[in-house]
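A short worksheet on the structure shown next.
The values are calculated or read from the model by the stated rules, or taken from the named source; none is laboratory data. What you are looking at is a predicted structure, and each value in this text was computed from that prediction instead of being measured. Please note: Cβ atoms are built from the backbone with ideal geometry, for glycine as well, and neighbour counts cover all protein chains shown.
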Amino acid sequence: MKDHPAQPHDLDGNPVRPGLPIAMLAEITHRCPLACPYCSNPVELTRAAGEMPAEDWARVFHEAAELGVLQVHISGGEPGARRDLAQIVASARAAGLYVNLITSGIGITRDRLEELDRAGVDHVQLSLQGIRADMADRISGHPGSWDKKMGFADWVTEIGFPLTINAVVHRQNLDRLPDMIALAERLGARRIEVATVQFHGWADLNRKALMPTREQAAEARRVVNEARIRLRGRMVIDYVPADHHAIHPKACMGGWGSTGLNIAPDGTVLPCHAAQTIPWMRFDNVRERSLRDIWLGSDAFNAFRGTEWMPEPCRGCDRKNIDFGGCRCQAMALAGDARATDPVCSRSPLNAALVARAEEDAAAETSDFIYRRMKKGV
Ligand code: SF4
Ligand code: FES
């Protein structure tokens, strides 16, 4: 392969050749009936008129498969908000991709779920906001969501899809984590993803209502470890811990531009879901440039590949090829510099201030949310 002019390098000056992506997140819409205050969509949401048509998605899925992508996560917003969802799913399947549908379960009827089964959905991932109607409806900002989700979960297992439960946890529901795991078991899930809120975008606006306490973070780790042993062979537990209370940061996206990519509703190709919070970064659109060219050669994807870009203390650190300096978007949000060491790392010079701020947010009295809306509002 010929080196691309924008090719990144390691600390010895050797060019770094990008690997191939395995998974792609296709955010086909930002429309959603829920209003979760930690939504990973950007604060500036794309409206329906800006969404890429199904024909373009079909081409993108073929380009992705040719590039090496094996599975596509079709998500949103709520993907069911698109009337042509079955067409989009069918085109992903026709491209040879394993299709995972990530949904709130709201707005998809049983007939429609059967249609999606015929179209080629291989796996369903259902988000849950709480373990009771009052909690789930308040957090999602959608009265009646709980009953609809429970009905949807039954259809998923009756039709025979493998089911994963997505449980986003934070200060207001973390104490009920054992019940959440038990609920996933009862619903017949094969996997539960317990993901502590990541404080970008909407979640960052809600830090004071969502930040877990240090004690909650420690207890969650204990609960997950205990449940993993008890449920071995029956249900897998994936866990994204509360990294504001951790020693080292997470290897976000498994490393920037290494195994995955996201496509926004309008066709913008992103190295991660929060990359647009980095103000100086420019992103290509798959309607204007091939996915292969964007993956291999775009400035955005090459910005944080390799190790040459790293600052100290990451440059001299024995973990630089393990966590890759942490999350770039978190560095942007917390240090004001996407090139900085992720401040959640205990070796970052900003860590002490970050921990103090996290403790302060965790002790805040408020439980009020700023809900996700097309137009920001309480
Ligand atoms: Fe990771 Fe950098 Fe911290 Fe080392 S200094 S653990 S590479 S974030
Ligand atoms: Fe963007 Fe972590 S969310 S690098």
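Scan the stretch 60-69 and give yes if some residue there is touching a residue at least 40 places away in the same chain (Cβ under 8 Å), within 19 Å of Phe161 (Cα to Cα) and buried (at least 24 other Cβ atoms within 10 Å of the Cβ), otherwise no.
no
From the residues in the stretch 180-217 that are over 22 Å from Met253 (Cβ atoms) and assigned to a loop (DSSP other than H, G, I, E, B), which one is farthest from ligand 2 (Cβ to nearest atom)?
Gly188
Quick check on the stretch 139-157. Is at least one of its residues more than 23 Å from Thr366 (Cα to Cα), part of a loop (DSSP other than H, G, I, E, B) and not aliphatic (A, V, I, L, M)?
Checking the stretch 139-157: at least one residue is more than 23 Å from Thr366 (Cα to Cα), part of a loop (DSSP other than H, G, I, E, B) and not aliphatic (A, V, I, L, M).
Which of the residues spanning the stretch 235-270 are surrounded by 21 or more Cβ atoms within 10 Å (Cβ to Cβ), within 12 Å of ligand 2 (Cβ to nearest atom), part of a helix (DSSP H, G or I) and not acidic (Asp, Glu)?
Cys252, Met253
For the stretch 314-355, name all the residues that are among the acidic types (Asp, Glu) and more than 12 Å from ligand 2 (Cβ to nearest atom).
Asp318, Asp337
Given the structure, is Ser75 over 27 Å from Arg305 (Cα atoms), without any contact (Cβ under 8 Å) to a residue 60 or more places away in the chain and crowded, with 18+ Cβ neighbours inside 10 Å?
Considered against the rule, which asks whether it is over 27 Å from Arg305 (Cα atoms), without any contact (Cβ under 8 Å) to a residue 60 or more places away in the chain and crowded, with 18+ Cβ neighbours inside 10 Å, Ser75 comes out as no.
Do we find that Ala363 is away from ligand 2 (no atom under 16 Å from the Cβ) and farther than 20 Å from Ala209 by Cβ in this structure?
Values: away from ligand 2 (no atom under 16 Å from the Cβ): yes; farther than 20 Å from Ala209 by Cβ: no.
In short, no.
Would you pick out the residues in the stretch 322-353 that are among the basic types (Lys, Arg) and not in a loop (DSSP other than H, G, I, E, B)?
Of the stretch 322-353, the ones among the basic types (Lys, Arg) are 328, 339, 347.
If the condition is that a residue be among the basic types (Lys, Arg) and not in a loop (DSSP other than H, G, I, E, B), then Arg328 is the only one that fits.
Of the conditions (1) in contact with a Leu (Cβ under 9 Å, 6 or more places away or on another chain); (2) at pLDDT below 95, Asp147 satisfies every one except a single condition; which number is it?
Asp147 satisfies all of (1) in contact with a Leu (Cβ under 9 Å, 6 or more places away or on another chain); (2) at pLDDT below 95 except (1).
For the condition of a type in the set (Asp, Glu), out of contact with any strand residue (DSSP E or B) (no Cβ under 8 Å at 6 or more places or on another chain) and crowded, with 19+ Cβ neighbours inside 10 Å, what is the one hit in Asp342, Asp284, Asp337? Spell out the reasoning first.
Details: Asp284 fails: out of contact with any strand residue (DSSP E or B) (no Cβ under 8 Å at 6 or more places or on another chain); Asp337 fails: crowded, with 19+ Cβ neighbours inside 10 Å.
The unique qualifying residue is Asp342.
Hey, could you check the stretch 293-321 for residues that are free of Cβ contacts under 8 Å to residues at least 60 places away in the same chain and outside any loop (DSSP other than H, G, I, E, B) and say which is surrounded by the fewest Cβ atoms within 10 Å (Cβ to Cβ)?
Ranking the candidates gives Asp293 first.
If you check every pair at least six apart or on different chains, which have Cβ atoms under 7 Å apart with a residue in the stretch 257-274 that is closer than 15 Å to Cys327 by Cα first and a residue that is of a type in the set (Lys, Arg) and within 16 Å of ligand 1 (Cβ to nearest atom) second?
As it stands, the answer is Gly257/Arg305, since those pairs meet every condition given.
Would you check which residues across the stretch 322-350 are small (Gly, Ala, Ser), in contact with a helix residue (DSSP H, G or I) (Cβ under 9 Å, 6 or more places away or on another chain) and either in contact (Cβ under 8 Å) with a residue 60 or more places away in the chain or within 10 Å of ligand 1 (Cβ to nearest atom) (or both) and list them?
Gly325, Gly326, Ala333, Ala338, Ala340, Ser346, Ser348 - these are the residues of the stretch 322-350 that are small (Gly, Ala, Ser), in contact with a helix residue (DSSP H, G or I) (Cβ under 9 Å, 6 or more places away or on another chain) and either in contact (Cβ under 8 Å) with a residue 60 or more places away in the chain or within 10 Å of ligand 1 (Cβ to nearest atom) (or both).
Please pick out the residue among Leu34, Leu20 that is in contact (Cβ under 8 Å) with a residue 24 or more places away in the chain, surrounded by fewer than 20 Cβ atoms within 10 Å (Cβ to Cβ) and not in a strand (DSSP E or B). Spell out how you get there, then give the answer.
Details: Leu34 fails: surrounded by fewer than 20 Cβ atoms within 10 Å (Cβ to Cβ).
Among Leu34, Leu20, only Leu20 is in contact (Cβ under 8 Å) with a residue 24 or more places away in the chain, surrounded by fewer than 20 Cβ atoms within 10 Å (Cβ to Cβ) and not in a strand (DSSP E or B).
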